[in-house]
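What follows is calculated from the coordinates using simple rules that are stated; it is not laboratory data. Keep in mind it's a predicted model, so treat the numbers as computed, not measured. Here the Cβ is made from the backbone with ideal geometry for all residues, glycine too, and neighbour counts use every protein chain on show.
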Amino acid sequence: MSNSIPSYDAIIVGSGVGGLATAIYLAEQAKANNTNIAILVLSKKLLDTTNSNWAQGGIASVASNEDSFESHVQDTLDAGANQNDPYIVQKVIHAAPMAMQDLIDWGMELDKNQDGSFDLVKEGGHRFSRIWHKADATGQSLQRVLMQKIKQFPAITCIENTTVIQVVQTAAKSFYLETIDREASYHFDANQNDSFLKQYHCKQLVLATGGLGMVYEKTTNQSVATGDGLFLAGQLNASFKDLSYIQFHPTGLFEANSATTFLITEALRGAGAVLRNEKGIDFMQQYDPRGALAPRDIVSRAIMNEIKKASIEYIFLDATTLPSKTIHDHFPNIVAACKHKLGIDISKDWIPVVPVEHYSCGGIEVDEIGAVKGVVNLYAIGELANTGLHGANRLASNSLLEGLVFAKWAAGALYLSLNSAAPNEIMNQVEAYLFAPVRCRKLDRKLLQTCMTNYAGIEKTTLGLTTGLDMLQKALDQAVYLESWMITDWENQVLYEVGIRIFKDALEQHSNKGVYFNLDYV
């Protein structure tokens with residue numbers, strides 16, 4: 001490694017909605033004020049290999065006369081078992097229309113009605129139709145417009161196939177001032193394609209690495225979702241909250257031998273599809289008066305109860321009563337996936353579904369602008385952050401919204417901080433930092449995923465949580481160090497540490513709320 005390394009004003013780790021939107025908003029502010037700025041976006045795989053890109057449902061935002069901010073707020077609090085931060089809920093939901101206008105101005109494609117109005121749909125937990133969408137591939141439309149938008153800013157550099165493996169916070173040095181702790185900056189090592197290590201430096205660091213789905217056997221997350229941002233934040237002594245609030249999506253497409261599960265969007269139930277057990281009975285009314293459109297935690301537990309009672313592997317989602325045109329116009333990707341994967345026609349055949357890990361409602365503790373509590377110049381945006389919006393259970397289609405509005409707020413804070421920095425404090429090249437070598441253990445990912453699924457799934461027991469924690473800790477402690485390692489070995493170590501954090505957090509919960517359900521507390 002050379003004696004100097006590239007330095008940026010801000011480095012953003014992750015290229016989903018949180019990461020790209022933060023880069024865009026920051027670059028927009030700098031351009032509007034004729035300020036020179038250098039922004040680096042690091043993507044673990046390709047720029048569009050993100051959970052955001054897979055999002056089907058849409059973005060929740062009040063837009064009709066029958067709806068109101070108060071209704072959206074109440075639906076969010078109800079879904080979150082009132083464990084949300086009411087101030088943050090109010091702030092995010094009132095910011096939603098402006099976020100949607102930003103996307104429209106950037107050129108995002110959204111479905112419209114024949115009269116030119118936007119086609120708003122309804123999802124579980126929402127009393128009104130307020131979901132903006134592009135068929136059943138809203139995430140793809142959003143990812144596409146963000147990737148197009150960043151090309152307009154020379155200030156933004158994107159590097160793909162790069163995994164950040166360790167990070168340290170150092171005191172920034174100025175030509176005019178002594179070393180000052182409050183202006184801490186960051187050095188970190190990144191692994192590129194398992195081939196070599198690359199070091200970077202920045203003054204402001206944004207973690208936007210997404211979820212942790214690969215901790216479980218079945219997940220709707222992409223394979224890159226290994227909890228990297230949580231691990232890096234841990235290196236910086238960040239605090240975490242409610243990591244055991246793991247949301248399972250009620251309707252993952254059942255495939256016996258697939259680790260990554262295709263999601264069947266909640267909007268299909270919003271359009272009128274119903275859940276049926278193996279006898280063909282629409283069972284959800286027995287569990288909640290809202291039926292198949294109850295919040296996700298309620299629907300997931302109801303499905304699991306039906307599965308246990310009948311000793312079956314899955315139940316069914318019946319969309320056969322919907323008009324064929326509605327199915328093919330609004331859910332083309334689901335039609336194609338079910339045909340390709342299972343050979344079924346969803347306008348005629350019931351869809352086999354099962355709850356699968358979907359979203360982490362807890363995470364790194366941040367404040368109202370996404371700044372990580374207790375760590376200067378560090379931000380966490382998106383799924384890895386605990387903003388207070390979701391509480392104990394995320395309301396459908398609030399996640400992309402959260403990523404957008406917190407990206408805008410974080411970018412505003414980032415710009416102000418960078419603009420007030422002492423002259424020459426951040427240079428184009430800085431001296432390389434001497435890292436300790438990264439050591440990885442030989443760990444079995446399958447053992448971890450089985451343990452998490454069995455003991456930290458939809459239903460838990462205190463004994464199970466204790467057993468699972470002991471299993472993971474023992475496996476980690478007894479694992480031997482590898483002489484050489486690949487990035488998958490590093491990921492396995494991250495997954496074990498994240499899994500242990502989830503178990504520890506779950507054991508600190510003492511009542512059932514939202515997605516946290518311990519049979520001992522019934």
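Observations on the model:
- According to the calculation over all Cα-Cα pairs in the chain, the P(r) per 20 Å bin from zero is 23, 56, 20, 1 %.
- Separation of the GLU66 and GLN148 label points, Cα + 7 Å toward Cβ, nm: 3.2
- Computed from Cα atoms, the angle from the helix 399-419 axis to the main principal axis of the chain rounds to 10 degrees.
- More than 24 Å apart - percent of Cα-Cα pairs taken over the stretch 340-476: 61
- Hits among lysines - C-alpha to C-alpha of LYS308 under 24 Å, sequence gap 8 or more where chains match: LYS218, LYS279, LYS446, LYS460, LYS513
- Within straight-line reach of LYS198, meaning a Cα separation under 19 Å, sit the following lysines at least 8 residues removed in sequence or on another chain: LYS44, LYS45.
- The protection proxy used here, the mean number of other Cβ atoms lying within 10 Å of each residue, ranks peptides 403-410, 436-443, 40-47 as follows, highest first: 403-410, 40-47, 436-443.
- Distance between the modelled labels on GLN429 and ASP78, one decimal in nanometres: 6.1 nm (7 Å Cα→Cβ projection).
- The stretch 324-407: C-alpha gyration tensor shape, a/c 1.5 cut-off, then a/b vs b/c: prolate
- Residues of the stretch 292-334 with amide N under 11 Å of a point placed 7 Å along Cα→Cβ from LEU342: 314-319
- Relative to the longest principal axis of the Cα atoms of the chain, helix 86-106 runs at roughly 80 degrees.
- Prolate/oblate/rounded call for the stretch 470-510, Cα gyration tensor, a/c under 1.5 rounded: oblate
- Computed from the C-beta positions of ASN3 and LEU46 and an R0 of 22 Å, the FRET efficiency is 0.10 to the nearest 0.05.
- Note on ASP444 and PHE128: their simple-model spin labels are 5.4 nm apart, each label 7 Å out from Cα toward Cβ.
- For THR462 and PHE118, the FRET efficiency from 1/(1 + (r/R0)^6), where r spans their Cβ atoms and R0 equals 35 Å, is about 0.15.
- Rounded if a/c under 1.5, otherwise prolate or oblate - the stretch 255-365, Cα gyration tensor axes: rounded
- The ratio of the alpha-carbon radius of gyration of the stretch 438-522 to the globular-protein estimate 2.2 N^0.38 Å is 1.19.
- Note on the chain: antiparallel DSSP beta bridges, both residues inside, total approximately 65 percent of the bridges counted.
- Across the alpha-carbon set of the stretch 189-269, the Rg to Rh ratio works out to 1.06, Rh being the Kirkwood radius.
- What separates the Cα centres of the stretch 1-72 and the stretch 270-335 is a distance of 34 Å.
- The sum of -39500 (n - 2.57) across all DSSP H runs of n ≥ 4, divided by the residue count of the chain, sets its helix-only mean residue ellipticity at 222 nm to -11000 deg cm²/dmol.
- Annotation: for a label point projected 7 angstrom from Cα along Cα→Cβ of ASN193, residues of the stretch 137-159 with backbone N closer than 18 Å are 158-159.
- Counting only residues at least eight positions apart within a chain, or on another chain, the aspartates and glutamates with an alpha carbon under 14 Å from that of LYS241 are ASP85, GLU365, ASP367, GLU383, ASP505, GLU508.
- Relative contact order for the stretch 276-387, counting Cα pairs under 8 Å that sit 6 or more residues apart, in percent: 19
- Cα-Cα P(r), the stretch 37-177, percent of pairs per 5 Å interval: 2, 8, 13, 16, 16, 14, 12, 10, 5, 2, 2, 1, 0
- Value of relative contact order over the chain, rounded to a whole percent, pairs C-alpha under 8 Å and six or more apart: 22
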